[in-house]
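This report refers to the structure that appears directly beneath it.
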Amino acid sequence: SLKVTHSDFFLAKKGIEVRGQNRDLSINNNDIWANRDVGIHYNGVNQHQGSICLNIITYSKKTLWFQNSEVLNVQINSNTLETNTIIYAYQTIFPEHIILVEVNTGKYFGFVHIEGNNIEDHGTLIGSAMCKLVTTGGTINQVGIVGGELSGAPDPSYGIELNSTAGGVITNISATGVAISGYYAMNVVGDAGTVMMVGCEHPYGRIFRADG
């Protein structure tokens, strides 16, 4: 097992990058800020059991990026995840997503608990989503977002987007007690199984959008 804790990662291309096979990885109590491309990048990993908790992760194109990875039983709790347009080394960085999950054919992302996070955009994610789950032939299952907020995204944008293509499976997704801004609280593209929103606050009253 590996523990990354009480450290600062800043002004780089990536704050933390995880690769290969890992078990019992904890990334807790860190300040990760102003990294050009991504705050924490799970890049092609096989990761079972782990936590991303009590971090402050701000001002990158992508804040948390799970790319083509097999991820099970991970807790993402009590973090401050914030994004904004920034000037970095004479280059303007435009944010894309705060949490991005991309699962390709044969990969599985599941049993992931996202609770009590302050997820905030500063009006920059136009037409995008603060939390986006995408599968092209893989499986995303049992992902719960509980409490906290997804706030500050402009109109048009989405709090949560589920996007499934090429026979991918997205199912058992829930948002419970979350304050969600954005043009729609949730946007669903392609097929999705059981999706629940319970006790969420959405100021614009537009809850679901289904596209395809």
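The values are calculated or read from the model by the stated rules, or taken from the named source; none is laboratory data. Remember, predicted model here, so these are calculated numbers, not experimental data. Backbone-built Cβ (ideal geometry, glycine too); neighbour counts: all protein chains shown. Each accessible area value is taken on the protein alone, full model and side chains, heavy atoms only, with ligands, DNA and RNA left out. Shrake-Rupley method; radii C 1.70, N 1.55, O 1.52, S 1.80 Å.
Summary table below
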item: Residues that are exposed (fewer than 12 other Cβ atoms within 10 Å of the Cβ) and assigned to a loop (DSSP other than H, G, I, E, B), drawn from region 1-10; result: SER1, HIS6
item: Test: residue in region 187-210 that is under 19 Å from ASN118 (Cα atoms), at pLDDT below 85, open to solvent by 20 Å² or more (accessible area, probe 1.4 Å) and in a strand (DSSP E or B); result: yes
item: PHE94 vs. criteria hydrophobic (A, V, I, L, M, F, W, C) and surrounded by fewer than 20 Cβ atoms within 10 Å (Cβ to Cβ); result: yes
item: Some residue of region 15-27 being among the polar types (S, T, N, Q), open to solvent by less than 60 Å² (accessible area, probe 1.4 Å) and in contact with a strand residue (DSSP E or B) (Cβ under 8 Å, 6 or more places away or on another chain); result: yes
item: Check on GLY138, over 15 Å from the mean Cα position of the chain (by Cα), without any contact (Cβ under 8 Å) to a residue 60 or more places away in the chain and under 21 Å from GLY44 (Cβ atoms); result: yes
item: Residues being surrounded by fewer than 21 Cβ atoms within 10 Å (Cβ to Cβ) and in contact with an Asp or Glu (Cβ under 8 Å, 6 or more places away or on another chain) - total across region 59-79; result: 6
item: Filter pass, GLY127 being open to solvent by less than 20 Å² (accessible area, probe 1.4 Å), at positive phi and modelled with pLDDT under 85; result: no
item: Test: residue in region 81-89 that is open to solvent by 60 Å² or more (accessible area, probe 1.4 Å) and either of a type outside the set (Gly, Ala, Ser) or modelled with pLDDT under 95 (or both); result: yes
item: Single residue of TRP33, TRP65 found to be aromatic (Phe, Trp, Tyr), over 18 Å from VAL146 (Cβ atoms) and within 15 Å of the chain's Cα centre (by Cα); result: TRP65
item: Pairs with Cβ under 7 Å, 6+ apart, first in region 90-102 and touching a residue at least 12 places away in the same chain (Cβ under 8 Å), second surrounded by fewer than 20 Cβ atoms within 10 Å (Cβ to Cβ) and of a type in the set (A, V, I, L, M); result: ILE93/ILE86
item: Top-ranked residue of region 146-181 - restricted to ones that are farther than 15 Å from HIS202 by Cα and of a type in the set (Val, Ile, Thr), ranked as surrounded by the most Cβ atoms within 10 Å (Cβ to Cβ); result: ILE170
item: Region 144-159: number of residues that are part of a strand (DSSP E or B) and either on the phi > 0 side of the Ramachandran plot or out of contact with any Leu (no Cβ under 7 Å at 6 or more places or on another chain) (or both); result: 7
item: Residues satisfying the stated conditions in region 172-184, i.e. modelled with pLDDT under 85 and in a strand (DSSP E or B); result: TYR184
